Each structure stands twice: as C-alpha cells, then as structure tokens.
1. What order do you get for 1-8, 35-42 when each peptide is scored by the mean count of other beta carbon atoms within 10 Å, highest first?
2. For ARG12 and ILE34, what is the calculated FRET efficiency with R₀ set at 22 Å and r taken between the beta-carbons, to the nearest 0.05?
Amino acid sequence: MNRGIIMEVGKRHLIVLTPDGSFYRVPFKPDASIGEEITFPASARRNRPRSIYRLSALA
C-alpha cells in the first residue's frame, strides 16, 4: 500500500502525489477531496507526462 496526497479529482480517477515526488493515477473515490491523504494499492498506474510518449514516437 502506498500513501499520498490528492492533487486532482477527475471524473474517473484521482491524481495522487507520493512523498517521494511521484504522481499516480488511482480509481475515483466519491468521498475524496483535494489535499486529503489516502492509501492506495501498489498496483496503481504511475502517471507519466504524455510528451515523453510523443517524443519517443517521433524518434
């Protein structure tokens, strides 16, 4: 289990910032609010900037 602070609330997911500075996308929880500290499963997807994917496709 990982811990982190909710930075963004979307329609289907939350963006969570962990203490080591990584961002994760976790499933939406209806009672979640920005600034709240939550625990989430280690299997959550790490959120990477999309520009990295675009640059690698161009290469």
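None of the figures in this text is laboratory data; all of them are computed from the coordinates on show. As the structure is a computational prediction, the values presented were derived from the model and not from experiment. Backbone-built Cβ (ideal geometry, glycine too); neighbour counts: all protein chains shown.
1. The most tightly packed comes first, giving 1-8, 35-42.
2. The pair ARG12/ILE34 has a calculated efficiency of 0.85.
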